[in-house]
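Here's the structure, in structure tokens; my notes come after.
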Amino acid sequence: MPRVDTRKVWRLWPVLMLGLLALSGRWLALGRSALFDVTDRTRILVTTPNDAGPGSLREAIFAADRADRAATIVFRTPRVVLTTALPPLVNPHGVHLDSGSNEIDIDARAQTGDSVIEIRSPGTVVEGLRIRGASGAALLIRAPRVQVRRVTITESSDGVTLADGSSDVLVENSQFEGNGTGLVVDGVVPGVVVRNNRFARHEHAAIRALTAAPSAAATSAGLLIRANTFDEDRVSLVLIHLGARVELNSFRRARESAMFLMGRGITVRGNRMRDSAGIGIFADDTEDALIEDNEVDHHAAVGVLVRSGSGTVAQNNRVYGNGYGIAIVFGDGARPHVVRGNLLIGQTQDALYVVGGSPLIQGNRALRNRVAAMRILEFVPLSGPRLPSVPHLADNVFLDNLLNAPVYGQYVVSRPEPERRQ
């Protein structure tokens with residue numbers, strides 16, 4: 001065997017070490033690329049369904065929060081099971097939670113008391129996740145310019161909650177089913193767009209958007225609810241003291257009301273509402289609301305009910321097959337509500353129903369309703385002054401109803417029956 005010159009080996013040792021270091025560096029780089037691909041974004045993989053540990057969603061969020069640039073969390077596992085609260089997303093450059101072409105199931109049924117994913121990172125995008133069993137909000141948003149796309153949220157207390165710090169939020173192409181409330185807008189959140197989503201079977205409401213008191217900022221909040229479908233919710237939409245446009249949506253089979261409105265700056269246009277167990281549109285103490293060009297049919301109680309408030313306009317709606325068609329109860333005599341240009345067909349009771357108010361009723365057509373085309377009732381309370389009904393009638397057409405001439409009478413409030421002891 002040839003002899004090895006150890007002096008040459010030692011002279012070559014630094015070169016060999018540099019080669020090994022370079023080779024190991026390439027291997028380390030390859031290993032890191034499984035977790036981080038640093039271009040303009042940091043790319044982080046979720047590879048395990050576990051609540052914690054390497055490759056978990058928890059560690060991915062920590063890595064995203066530490067990143068000095070925008071981060072993408074990519075799921076390489078079809079399922080994540082959570083048992084404890086996750087850290088919030090706080091990366092100031094934005095985070096993209098990306099399921100790729102798959103839908104990732106996040107099971108939060110064992111987690112109690114907290115939101116599943118809290119977003120405090122501006123510009124965050126969440127897409128392709130399926131979250132179920134959240135005891136709080138599935139997604140709690142406290143940052144501007146967040147986008148929620150292709151998300152499915154089921155069996156949760158709340159689906160998506162928009163809270164302080166959020167603005168210009170987009171929720172689209174998502175599904176909310178069997179939650180307490182699907183989407184919550186908590187306070188004045190400007191620039192929210194909710195479009196092309198499906199809401200079904202919510203215990204309380206599909207969408208609840210409210211602030212405690214009216215204000216100029218609330219009136220100009222600019223909430224847009226467009227082209228969504230609502231099916232079998234208790235109340236599909238609750239809007240209180242927030243300016244909003246509700247357009248081109250479909251509401252079906254609400255267990256109480258398709259829509260409850262209160263406050264200023266609300267427009268409801270071009271929607272289809274049908275088959276609720278109660279009321280189609282309930283506008284309570286609204287000011288200058290516009291209810292226009294909607295199709296409202298087969299609601300057990302009332303198609304459109306406007307109670308109190310001032311200046312609400314219900315015009316050019318198609319209202320048919322309800323208990324009562326359009327009802328106006330109370331209202332400001334100085335700034336009356338307006339009911340004009342509506343088509344009212346085939347109500348099981350009266351087409352137009354006025355109690356204790358003096359609205360302008362103009363240019364409506366009431367045809368083939370089973371009782372009266374119009375009923376006008378003085379309100380008689382248990383105590384205090386009576387409220388007369390003196391509507392202003394002009395150019396209405398009443399044909400083929402059981403009673404075509406307006407019917408006058410009283411709405412008398414009766415004392416409740418005392419409860420009987422067993």
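Go through the stretch 21-64 and give me each residue that's at pLDDT below 50 and within 30 Å of GLN111 (Cα to Cα). Even if it seems obvious, please write down each step before you answer.
Our first condition is that a residue be at pLDDT below 50; within the stretch 21-64, this holds for 21-39.
The answer is ALA34, LEU35, PHE36.
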Residue in the stretch 314-324 that is within 19 Å of LEU242 (Cβ to Cβ), small (Gly, Ala, Ser) and surrounded by fewer than 24 Cβ atoms within 10 Å (Cβ to Cβ) present: no
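Out of the residues in the stretch 150-159 that are hydroxyl-bearing (Ser, Thr, Tyr) and in a strand (DSSP E or B), which is farthest from ALA134 (Cα to Cα)? Spell out how you get there, then give the answer.
Within the stretch 150-159, the first condition is being hydroxyl-bearing (Ser, Thr, Tyr), and the residues that meet it are 152, 154, 156-157.
Those still in the list that are in a strand (DSSP E or B) too: 152, 154.
On the way: THR152: 12, THR154: 8 Å.
Across the stretch 150-159, the extreme among qualifying residues is THR152.
Name the residues in the stretch 243-283 that are of a type in the set (Asp, Glu) and either under 20 Å from ASP186 (Cα atoms) or part of a loop (DSSP other than H, G, I, E, B) (or both), would you? Explain how you work it out, then say what you get.
In the first step, residues of the stretch 243-283 are kept if they are of a type in the set (Asp, Glu); the result is 247, 256, 275.
Once the filter is applied, which keeps residues that are of a type in the set (Asp, Glu) and either under 20 Å from ASP186 (Cα atoms) or part of a loop (DSSP other than H, G, I, E, B) (or both), the stretch 243-283 yields GLU256, ASP275.
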Residue within the stretch 187-210 that is touching a residue at least 40 places away in the same chain (Cβ under 8 Å) and buried (at least 23 other Cβ atoms within 10 Å of the Cβ) present: no
Residues being in a strand (DSSP E or B) and surrounded by fewer than 14 Cβ atoms within 10 Å (Cβ to Cβ) - total across the stretch 44-90: 1
Leading residue by the ranking (nearest to LEU140 (Cα to Cα)) among those in the stretch 184-209 that are aliphatic (A, V, I, L, M) and more than 11 Å from the chain's Cα centre (by Cα): VAL189
Test for THR124: is it β-branched (Val, Ile, Thr) and within 21 Å of ASP186 (Cβ to Cβ): yes
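Only one of ARG264, ARG252 is farther than 25 Å from GLY346 by Cβ and of a type in the set (Lys, Arg). Can you tell me which? Explain how you work it out, then say what you get.
Working: ARG252 fails: farther than 25 Å from GLY346 by Cβ.
Going through ARG264, ARG252 in turn, the sole match is ARG264.
Would you check which residues across the stretch 147-168 are aliphatic (A, V, I, L, M) and surrounded by fewer than 24 Cβ atoms within 10 Å (Cβ to Cβ) and list them?
Residue satisfying the conditions is ALA163 alone.
The values are calculated or read from the model by the stated rules, or taken from the named source; none is laboratory data. Computed from a predicted structure; not experimentally measured. Cβ: placed from backbone, ideal geometry, glycine included. Neighbour counts: every protein chain shown.
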